[in-house]
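The values are calculated or read from the model by the stated rules, or taken from the named source; none is laboratory data. Computed from a prediction, not measured in an experiment: that's the story for all the values here. No Cβ is skipped: glycine too gets one built from the backbone with ideal geometry, and neighbour counts run over all protein chains shown.
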Amino acid sequence: MISTTLRIAMLLAVALYFVLVFYLLKRKSLNLKYTLLWLLSGVIMLVLAIFPQILNYFANLVGIYEPTNALFSIICFCIIIILMSLTAIVSKLNEKSKRLIQQLALLEKRVRELEEGVEKER
């Protein structure tokens, strides 16, 4: 069983976490569709803080002796999922920017060719 002090610390940390996420969302520093993953991980931590018996069950199921180590494992798992999703987002944006740069270069070339054609006609 996790200690009362750890549960209180978890509840305070989750509350601070939600305040920060909603503050960044309000300031439009975070996009709503990306914020959902952050909120989901916060909800998982909130549920574990309110119902520590879930953490005990998970620890026993996986074979972890201490529930606090199970908590650490769950937090690491959430971080890995968030990092993987952010990597996928960055990869998509990288491909989009590469396509846009190529399109821009082609358009600039076409404009230069058209300008040269107009100058030759004069």
Top-ranked residue in segment 1-38 [being of a type in the set (S, T, N, Q) and within 20 Å of residue 59 (Cβ to Cβ); ranked as surrounded by the most Cβ atoms within 10 Å (Cβ to Cβ)] = 3
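Looking at 89, 64 in this structure, which one is under 30 Å from residue 16 (Cβ atoms), modelled with pLDDT under 95 and within 26 Å of the chain's Cα centre (by Cα)?
That would be 89, the only listed residue that is under 30 Å from residue 16 (Cβ atoms), modelled with pLDDT under 95 and within 26 Å of the chain's Cα centre (by Cα).
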Output for segment 47-67, where each listed residue is outside any helix (DSSP H, G or I) and either within 21 Å of residue 14 (Cβ to Cβ) or touching a helix residue (DSSP H, G or I) at 6+ places or on another chain (Cβ under 9 Å) (or both) = 51, 64, 65, 66
Just name the residue that is modelled with the lowest pLDDT out of those in segment 1-60 that are polar (S, T, N, Q) and closer than 24 Å to residue 93 by Cβ.
-> 31
Is it fair to say residue 77 is surrounded by fewer than 14 Cβ atoms within 10 Å (Cβ to Cβ) and among the aromatic types (Phe, Trp, Tyr)?
-> yes
Residue in segment 41-60 that is of a type in the set (S, T, N, Q) and in contact with a Cys (Cβ under 8 Å, 6 or more places away or on another chain) present | yes
Examine segment 51-63 for a residue that is loosely packed, with under 13 Cβ neighbours inside 10 Å and in contact with a Ser or Thr (Cβ under 9 Å, 6 or more places away or on another chain), and state whether such a residue exists.
-> yes
Answer from 105, 88, 70 - the residue that is without any contact (Cβ under 8 Å) to a residue 60 or more places away in the chain, in a helix (DSSP H, G or I), among the small types (Gly, Ala, Ser) and within 30 Å of residue 4 (Cα to Cα) = 70
Using beta carbons and a limit of 8 Å, which pairs, at least six apart or on different chains, have the first residue in segment 44-67 and under 22 Å from residue 82 (Cβ atoms) and the second one outside any helix (DSSP H, G or I)?
-> 55/2; 58/64
